[in-house]
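Trainee: Okay, here's the structure, questions in a sec.
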Amino acid sequence: MVDPGNPRQRARPAWLQQYELVGKIGEGTYGLVYLARRQQPLHRGVRIAIKKFKQSKEGDGVSPTAIREIMLLRECIHDNIVKLVNVHINYVDMSLYLAFDYAEHDLYEIIRHHREKLSSPINQYTVKSLLWQILNGLNYLHSNWIIHRDLKPSNILVMGDGEEQGVVKIGDFGLARVHQAPLKPLCDNGVVVTIWYRAPELLLGAKHYTSAVDMWAVGCIFAELLTLKPLFQGIEDKNGQNPFQLDQLDKIFKTLGHPTADRWPTLLNLPFWQANRNLIQGRKYENPGLYSIVQQPAKSPAFDLLSKMLEYDPAKRISAAQALDHQYFRTEPLPGRNALVPGSPGEKVVHYPARPVDYSTDFDGSTAPPQSNTNLAPQQQQRGEHMMQVPAMHQPLHLPAIQRMPQNNMNNFSSVNQQGRRKEPDSGNQNYNNYQPLNKSRRM
Amino acid sequence: MADFSTSTHCHHWILQRSTLVDKLFTTNQRAQEALIKYGATRVDVQPDGSLAYPENLEVEAANGKRGPTPEHLTVEDELMIRKFYEQKIQQVCQAFSFPNKIQATAILYFKRFYLNWSVMEHDPKHIMLTCIYLSCKVEEFHVSAEELGKGIQQDPQVVLKNEMTVLQCLNFELIVYAPYRSLDGYIFDLENSVQMMGAVAVKNVQELRESAIFEIDAMMLTDAPLLFPPGQLAMAALRRANRDDKKVDLERYMKGIVDRLATKHTLSELDTAMDAIDVAVGESIHVVEADVRRIDRKLKICRNPGLQDETKKRERKGKQKQKRPLQEGAPPMDPNPMDTTNHGVKRRHSEPEGIF
């Protein structure tokens with residue numbers, strides 16, 4: 001509990017002094033994510049990710065996204081759920097800063113590294129361990145009546161060097177909610193889940209849905225871990241509120257075949273299925289070829305589990321608890337806690353690159369001007385520029401020494417932002433306050 | 001969240017009675033000290049996150065000296081004012097037809113907030129609105145500040161102004177377990193168990209539910225929700241509702257629960273908790289309108305000592321003009337000048353002025 005203490009003794013925002021800013025590691029419509037180091041004696045140097053939520057849209061206080069993330073993560077304590085270490089308020093601009101344990105990797109970057117740099121698949125042990133831990137975290141969430149509603153590779157974090165190396169952390173709870181005894185229908189929250197990972201019942205306009213939407217997304221992620229390519233890469237129709245996403249459905253049907261009322265009895269009740277029957281049924285796909293896409297024998301445990309996650313009928317789709325119990329996890333290689341380093345010796349260990357950091361951004365989100373026409377040494381130069389950027393209120397913040405990585409990392413970062421990141425679309429708009437759909441999907 | 005036993009509610013917000021008493025005493029004491037030291041109790045959050053008593057500076061700058069120190073509220077006064085505003089939360093939630101859960105969450109936020117603050121420091125009228133607003137947000141029952149403000153004729157800015165302060169004081173622990181849901185669980189059980197006994201028995205259970213909800217509504221206005229878990233509150237409400245006409249064999253049901261859960265707790269322990277809740281409900285202070293009005297005046301002056309001078313000025317004016325004596329029961333001072341809302345004379349007679 002907060003002890004207001006002696007009001008006179010609290011003139012300076014002490015919380016800002018707990019962190020030494022390293023740089024920016026991501027951004028979205030909600031705000032920015034920074035990498036910082038803790039300054040407290042017990043944790044000195046420990047890296048931390050700080051997510052800054054901008055002040056919400058005009059006139060409605062703290063954004064529901066921030067509230068959801070905070071309230072759920074305050075209650076969640078699990079190995080495979082990202083840990084919210086602290087929440088801070090910046091009264092200068094009424095923004096919130098959420099401090100998380102820092103995770104060096106995420107599945108988006110790991111998959112990209114294999115696809116673009118190594119041109120080789122992720123080894124079976126790593127795939128299985130990652131999947132098992134995702135399911136383990138999800139099982140915890142689902143048994144607490146929480147649906148995540150935005151699972152995708154960039155939201156699945158993986159810890160870097162240290163005691164928790166290779167441990168999966170499910171992150172970004174900005175769309176997550178408790179669905180036990182909802183006071184209003186879930187569809188009131190608007191479109192959920194990034195389109196490529198969106199379950200067919202959502203694409204067909206279901207008014208009510210369950211934790212099975214998360215399992216569909218896990219299926220898509222599983223396939224992506226196997227093939228290094230998004231499984232259903234539809235083109236999003238961005239017209240209006242929750243438009244019918246024909247292309248996305250078409251990609252799914254092409255791979256899995258058309259759903260039928262026999263296999264999915266409640267299909268006939270879904271609004272978009274009825275309204276767009278001709279469009280949907282216009283093209284017939286005879287030869288569903290999921291196994292050829294994921295290049296797994298149709299009878300292998302991996303394929304069996306995948307196809308149970310990609311079951312059309314959400315009532316029949318495998319649950320996280322059932323999936324954890326699947327044969328796949330009981331066949332060699334067995335899954336482990338450190339997904340990045342196989343237990344058996346002799347296996348090649350892949351070294352994934354560190355998360356790109358933009359060193360030119362300050363805690364308030366402003367970017368330092370280009371540093372060209374002074375004679376200062378680089379370090380002084382950076383400091384000087386930062387000081388100019390920092391408003392008076394922020395002065396207690398001790399600015400970090402910034403010369404840790406070579407300059408070309410910066411270039412990497414911006415090119416990633418412009419090219420790589422665009423490829424993964426974003427979770428839909430959230431229906432509140434007419435949020436714009438996110439343009440940059442990089443979160444945490 | 002399904003698991004109460006691992007929740008922040010269970011770990012941080014169920015207190016020992018002695019802790020509760022200590023906290024209420026401490027916050028009252030701190031406000032009293034501020035009153036002596038600064039001449040006012042109102043606390044504002046500064047842009048840098050620090051706290052300040054701006055009245056102090058204003059008053060001193062204006063007068064060159066400080067007027068007499070206003071009379072502080074006692075711990076009992078604070079209790080009465082808080083309960084008054086907790087009732088208001090229920091009324092506002094009813095006026096908006098919000099589900100019970102919203103009301104319960106808002107009241108718990110309000111109670112938790114005033115564990116750490118005195119009503120002399122943060123205006124309960126504003127905090128109450130922020131608690132309702134925040135509760136709607138957390139329960140995914142979104143109501144905009146504008147809508148809420150419109151419905152109760154308040155400036156939406158008043159609703160929003162304290163949002164961060166309340167969030168911080170709640171330590172961002174926002175998921176609250178309300179006894180209403182526990183009650184529904186018990187009722188579901190009871191309905192199943194009397195299904196074979198015919199329609200009358202089923203109807204009895206439903207009636208019991210209705211009266212138990214009233215019991216919980218009343219319980220929410222006491223200290224009990226800060227002292228006992230929601231499951232026990234709901235059970236105590238059932239027991240109270242069933243006490244007179246014994247529509248259901250509740251003792252057998254309670255015994256069944258204790259046996260089934262095979263917990264370490266015995267039936268007599270459960271009974272002890274139920275009795276303690278009964279005591280908490282019985283001891284709860286009765287809101288007397290005249291008292292609330294008196295305390296509210298004290299509160300306004302504590303927060304805003306400038307009002308004292310204005311009252312005197314007005315009294316002098318009144319004496320000079322001598323048109324007619326002050327009406328009995330009319331407020332002895334102008335409404336808070338900061339308060340832009342004024343809802344006419346009619347209302348003021350039935351409620352402490354300036355509250356709505």
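The values are calculated or read from the model by the stated rules, or taken from the named source; none is laboratory data. Keep in mind that this is a model prediction, so the values were computed, not measured. Heads up, the Cβs are rebuilt from the backbone with ideal geometry, glycines too, and the neighbour counts pull from every protein chain shown. SASA here: full protein model, heavy atoms, side chains in, ligands and nucleic acids out. Shrake-Rupley method; radii C 1.70, N 1.55, O 1.52, S 1.80 Å.
Trainee: Could you say whether any residue in the stretch B:49-67 is modelled with pLDDT of 80 or more and either more than 25 Å from the chain's Cα centre (by Cα) or open to solvent by less than 20 Å² (accessible area, probe 1.4 Å) (or both)?
Mentor: No: the stretch B:49-67 contains no residue that is modelled with pLDDT of 80 or more and either more than 25 Å from the chain's Cα centre (by Cα) or open to solvent by less than 20 Å² (accessible area, probe 1.4 Å) (or both).
Trainee: If you go through the stretch A:190-200, how many residues are in contact with a Pro (Cβ under 8 Å, 6 or more places away or on another chain) and open to solvent by 10 Å² or more (accessible area, probe 1.4 Å)?
Mentor: Residues meeting the conditions: 1.
Trainee: When you check B:E146 against the structure, is it within 14 Å of chain A (Cβ to nearest Cβ), charged (D, E, K, R) and part of a helix (DSSP H, G or I), yes or no?
Mentor: yes
Trainee: Is at least one residue of the stretch A:264-283 at pLDDT below 90, in the same structural domain as A:Q124 (by TED's automatic domain parsing) and assigned to a loop (DSSP other than H, G, I, E, B)?
Mentor: Yes, some residue in the stretch A:264-283 is at pLDDT below 90, in the same structural domain as A:Q124 (by TED's automatic domain parsing) and assigned to a loop (DSSP other than H, G, I, E, B).
Trainee: Let me ask something else. Determine whether B:L108 is closer than 27 Å to A:L72 by Cβ, open to solvent by less than 10 Å² (accessible area, probe 1.4 Å) and over 15 Å from the mean Cα position of the chain (by Cα).
Mentor: no
Trainee: Keeping to the stretch A:297-342, report how many residues are part of a helix (DSSP H, G or I) and touching a Gly at 6+ places or on another chain (Cβ under 7 Å).
Mentor: Residues meeting the conditions: 2.
Trainee: On to the next question. In the stretch B:158-179, which residue that is open to solvent by 30 Å² or more (accessible area, probe 1.4 Å) and at pLDDT 90 or above is farthest from the other protein chains (Cβ to nearest Cβ)?
Mentor: The selected residue is B:Y177.
Trainee: Quick check: anything in the stretch B:90-97 among the aromatic types (F, W, Y) and crowded, with 22+ Cβ neighbours inside 10 Å?
Mentor: No, the conditions are met nowhere in the stretch B:90-97.
Trainee: Condition first: out of contact with any Leu (no Cβ under 7 Å at 6 or more places or on another chain) and closer than 30 Å to B:D22 by Cβ. Now tell me which residues in the stretch B:193-224 satisfy that.
Mentor: Residues satisfying the conditions are B:E215, B:D217, B:A218, B:M220, B:L221, B:T222.
Trainee: Would you mind stating whether B:Q154 is closer than 20 Å to B:I107 by Cβ, out of contact with any Asp or Glu (no Cβ under 9 Å at 6 or more places or on another chain), not in a helix (DSSP H, G or I) and not acidic (D, E)?
Mentor: Judged against the criteria, B:Q154 is a match.
Trainee: Taking A:V218 and the conditions (1) part of a helix (DSSP H, G or I); (2) in contact with a strand residue (DSSP E or B) (Cβ under 8 Å, 6 or more places away or on another chain), which numbered condition does it fall short on, given that it satisfies the others?
Mentor: (2)
Trainee: To continue, here is another question. From the residues in the stretch B:188-200 that are in contact with a helix residue (DSSP H, G or I) (Cβ under 8 Å, 6 or more places away or on another chain) and free of Cβ contacts under 8 Å to residues at least 40 places away in the same chain, which one is surrounded by the most Cβ atoms within 10 Å (Cβ to Cβ)?
Mentor: Applying the filter and picking the extreme gives B:E191.
Trainee: So A:I48 clears everything in (1) in contact with a helix residue (DSSP H, G or I) (Cβ under 8 Å, 6 or more places away or on another chain); (2) modelled with pLDDT of 85 or more; (3) of a type outside the set (S, T, N, Q) except one condition, right? Which one?
Mentor: Every listed condition holds for A:I48 apart from (1).
Trainee: Let me ask something else about it. Filter the stretch B:119-142 for residues that are more than 10 Å from chain A (Cβ to nearest Cβ) and not in a helix (DSSP H, G or I) and give the result.
Mentor: B:V119, B:M120, B:D123
Trainee: Same structure again: Return the only residue of B:D22, B:D44 being modelled with pLDDT of 90 or more and either more than 9 Å from chain A (Cβ to nearest Cβ) or open to solvent by 50 Å² or more (accessible area, probe 1.4 Å) (or both).
Mentor: Only one candidate passes the filter, namely B:D22.
Trainee: Of everything in the stretch A:70-123 that's under 17 Å from the mean Cα position of the chain (by Cα) and aromatic (F, W, Y), which residue is surrounded by the most Cβ atoms within 10 Å (Cβ to Cβ)?
Mentor: Selected residue: A:Y102.
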